[in-house]
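Data block below; observations after.
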Amino acid sequence: MERNKAPDLRSVLENLGTAADFLEGAGRLAGIADKDVEVATTPKELVFRQEKVSLYRYRPIEGVEVRTGPVLIVYGLIGRYTMIDLQEDRSLVRNLLLRGVDLYVVDWGNPTRADQNLTLDDYVNWYLADCVDQILDRAGREEISILGICEGGVLSTLYAAQNGERVKNLILTITPIDFHGDLRDTDGSHGFLNVWTRSLDDSDIRKLVDTFGNLPGEITASIFQMMTPVKTLTKYNRDLLAVTANEESLLNFLRMEKWLADRPDHPGAGALQWLIELYKENRLIKGTFELSGKPVCLEALTMPILNVYAEHDHIIPSPCSTRLKELAGTDDYTELALPGGHVGVYVSRKCQGILSSTLFEWLIERQK
Amino acid sequence: MSDKPTASNPLMDAWLAGQKAFLDAQAPFWQELSQGSLPDTSDPDQFSILFRRVNEQCRSLFDAMAAIGGLEDEPEENVARQTLRRMLDPMQFSYAGVDEVNQVLLNLVEGTDVPDLMELERQRLKATREWAVLKREGTEYRAVTAMAWARVYRRFLEEVGEDLASGTGSPYQHFETWLRIANDELIRMQRSEEYLDAQRRVLRAGLNYRERERKLIEDWCETRSIPTRSEIDDLHGIVYGLRKEVRALKRQVAERHGTVRKRVNTANGT
């Protein structure tokens, strides 16, 4: 190769990262230990445990006055709550603690085949209800604020609709309410999960769950990857090369990888409700979704609601979330649209700043 | 190693040479795709040969790069070695973003290939109709995704072909164009009935195979008085029902004694 006549490939590689960059980055990768990429490190204490479900209270930050009533964070059964506390400088948990929010989180654990019969009813009216009661007893209160995330937002909505007397405020983030809302999203790259689920027959879904007992985390992870095909394509080459030069960026990348890889199986019976009754049949907005034998009525949501969604959410297209405005029975409804995508709401520094300050101010205005 | 690695150095030259060899090796493959002259997908062997050829080229490149980077003696689980392998895995470029479910499903249904007590039965299983159907559906699914890649290349050549020939436009711009087109086409493909149908058929075939496998294993267990998966699932169901009953009874007692908060709206667990 003539060195004074650099081929175009060379400039390609300059942009993509060079061989030397790669090898240097590879060396840096090899030197990273698990402890360097720990997630969910904000101190918390176990309050209550029932089977695989654990309730934690985050330890208030020393010197910061607690200024709100208890707020319970409810994540979904797909993925892990650790996303809200990926690292110290990108942690919604820390941002809220710093402002004086009294914060709890429920960890659903890692369901196994022994949990295949657990339904959404069980998660809402059994585990979540017990967690709420524990917090109320501990705090000596009659009401709690709930902050639901994605599928956890649906669980929170279901709980609030049937237990309104216990819910002071309902905060939903990136939460699907209208599961066919993707049909109103004009961005063709959004909502593949909705399209994919609707393309399956009920019998396909039943067989999938019956075969594995649960909905395997590997399957849900792979569907999420499919939703951003080129991102998946460039992740381990172009994107990785772009971050290996900077240790902090590389650690961020790996923490995110760690969170993505930690995807529990979804209990089978609950997965059938989630995929067939909600994703396919869209029963929640029709008022035909039943929990513990009673239909869930969104009009029963009369408490103040803050509904946070991402403007470019490809997983939960924004019309899926914003439909709640028409259906909830509350007079105190607020929406917050954040720039960026689904996960960005929780991991982008910019979004976190907006989210934590808005959330805190909204809560404070509704404290008595 | 120099501070500015893009300046001439042996490592850089080796990388460039390797990349060129990599791209050259793939040229016939992509050429065939871009011309739309795909192999006959009813003949899975013919289709597989093409992919195998690309795979072999990439393995060679991986070996060469691993040697340059001093990674050849590192264990397979070494992070850098794994990353290098992923970076040079042609499947990342052939199927990435569209084939994950297929791959995951195949891994889940096939299990490990290590010899075990069930080896003979596993061999028998691979002779079944379900296995043949799974393989066929998998091939047809890949054919659908391969056609999407063919459209990517066709569009790419239409958009930047002249620039490439005349040397105008930076390679970086061309690369970004390629990614943009690939994203458009793959997302469009994912929403096509043809793709959704192919994936649905792969899913069904995978699950049917798994069902067959389970039946075979359960038959084997029963003849040896070993509890089967179905029996254990039955037990899980019974325990689940009992847990709910116990919980409801305990709750009723506690509410009567006023030791827990009364729940007025829920039918379950109260």
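None of the figures in this text is laboratory data; all of them are computed from the coordinates on show. Just so we're clear, the structure is a prediction, and the values are computed from it rather than from any experiment. We place every Cβ from the backbone using ideal geometry, glycine too, and count neighbours over all the protein chains shown.
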Chain A -> Rg/Rh from Cα coords, Kirkwood Rh, value 1.00
From other protein chains only, count the Cβ atoms within 10 Å of every residue's Cβ in B:246-256, then give the mean.
1
Applying a 10 Å radius around every beta-carbon, put A:240-247, B:250-257, A:101-108, A:163-170 in order of their mean neighbour count, most first.
A:101-108, A:163-170, A:240-247, B:250-257
Inter-centroid distance (Cα atoms) of segment A:129-156 relative to segment A:51-79, Å:
10
Under-5 Å amide H pairs with A:LEU215, H placed in peptide plane, nonlocal only
A:HIS266, A:GLY268
Can you work out ³J(HN,Hα) from phi for every residue in segment B:142-149, in order, using Karplus 6.51 cos²θ - 1.76 cosθ + 1.60 and θ = phi - 60°, giving whole Hz and x for Gly and Pro?
5, 5, 5, 5, 5, 5, 5, 5
Would you mind giving the mean number of other chain beta-carbons within 10 Å of the Cβ of each residue in A:241-251, as a whole number?
0
Taking springs between alpha-carbon atoms closer than 10 angstrom, which of A:GLU218, A:GLU51, A:GLU335 fluctuates most in the Gaussian network model of chain A?
A:GLU51
With an 8 Å cut-off on Cα pairs and a minimum separation of 6 or more residues, tell me the relative contact order of segment A:117-221 in percent.
19
Past 30 Å, Cα to Cα: identify those pairs from A:LYS294/B:LYS250; A:LYS52/A:LYS325; A:LYS52/A:LYS168; A:LYS280/A:LYS325; A:LYS325/B:LYS250; A:LYS325/A:LYS350, in the order given.
A:LYS52/A:LYS325; A:LYS325/B:LYS250
Got the relative contact order for chain A handy, in percent, Cα pairs under 8 Å and 6 or more residues apart?
22
Against the longest alpha carbon principal axis of chain A, how many degrees, from 0 to 90 and to the nearest 10, is the axis of helix A:202-212 turned?
70
Averaged over its residues, how many other protein chain Cβ atoms are within 10 Å of peptide A:181-193's Cβ atoms?
1
So for each of A:142-151, B:240-249 I average, over its residues, the number of other beta carbons within 10 Å; can you give me the resulting order with the highest mean first?
A:142-151, B:240-249
Rounded to the nearest 0.05, what FRET efficiency is calculated for B:ASP73 and A:ASP262 with R0 set to 35 Å and r the Cβ-Cβ distance?
0.65
Please list, by residue number, everything in segment B:174-189 whose backbone N is under 15 Å from a paramagnetic label point 7 Å out along Cα→Cβ of A:VAL195.
B:182-189
